[in-house]
Amino acid sequence: MEREEAERLVAQYGSAVYRLAYARTGSREDAEDVTQETFLRLVRSSPVFQDGAHEKAWLLRVAAHCAADVFRAPWRKRDLPLEAAGASVPPPEEPDGSVLSAVLALPEKYRLPVHLFYYEGYSIKEAAAILGRREGTVRAQLTRARAMLRDRLEAERT
């Protein structure tokens with residue numbers, strides 16, 4: 001892949017890849033690593049895309065896989081929370097907006113379908129293809145996620 005083409009794809013889709021990675025990992029540092037790994041895989045594999053939609057779908061699918069790999073890493077299983085290690089750290093930054101923080105508080109399997117459907121504007125069929133899940137599964141996950149978000153946001157109001 002030529003440098004100019006890679007730079008164009010990073011400029012055009014970098015923020016979408018980062019947002020998906022952040023929605024999956026909940027960590028800025030991990031999201032940055034996933035974004036970098038996604039574009040490295042793009043440069044290494046040099047895929048041929050049919051159109052802009054295919055480019056974006058490919059990048060988001062690779063980002064979803066890379067984000068899943070973060071949780072499978074062997075060193076993750078040996079991680080100790082800083083509190084257990086005796087370190088004193090300030091609390092992590094709270095994302096702006098109660099809706100975003102509510103979405104990030106969802107269990108992992110619900111965050112990506114919500115992100116792809118509501119933030120990226122994909123249909124259920126397209127989100128299912130990107131995530132490698134059945135349409136019915138994504139539809140059910142969106143329904144459950146909406147119920148969880150509704151309960152959480154109502155609880156915050158009262």
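Laboratory data are not the source of any read-out in this text; all were calculated from the coordinates shown. Keep in mind the model is a prediction, meaning the values are calculated, not measured. Counting neighbours? That spans all protein chains shown, and the Cβs are built from the backbone with ideal geometry, glycine included.
See the values below:
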read-out: Charge tally in the Cβ shell below 9 Å around residue 115, where Lys, Arg are +1 and Asp, Glu are -1, residue 115 excluded; value: +2
read-out: J(HN,Hα) series, region 14-25, from Karplus relation 6.51 cos²θ - 1.76 cosθ + 1.60, nearest Hz, glycine and proline x; value: x, 5, 5, 5, 4, 4, 5, 4, 5, 4, 7, 8
read-out: Computed FRET value (nearest 0.05) for residue 1 with residue 119, which takes r as the C-beta separation and R₀ as 22 Å; value: 0.25
read-out: Length released on extending from residue 11 to residue 101, taking residue separation times 0.36 nm less the Cα-Cα span; value: 29.8 nm
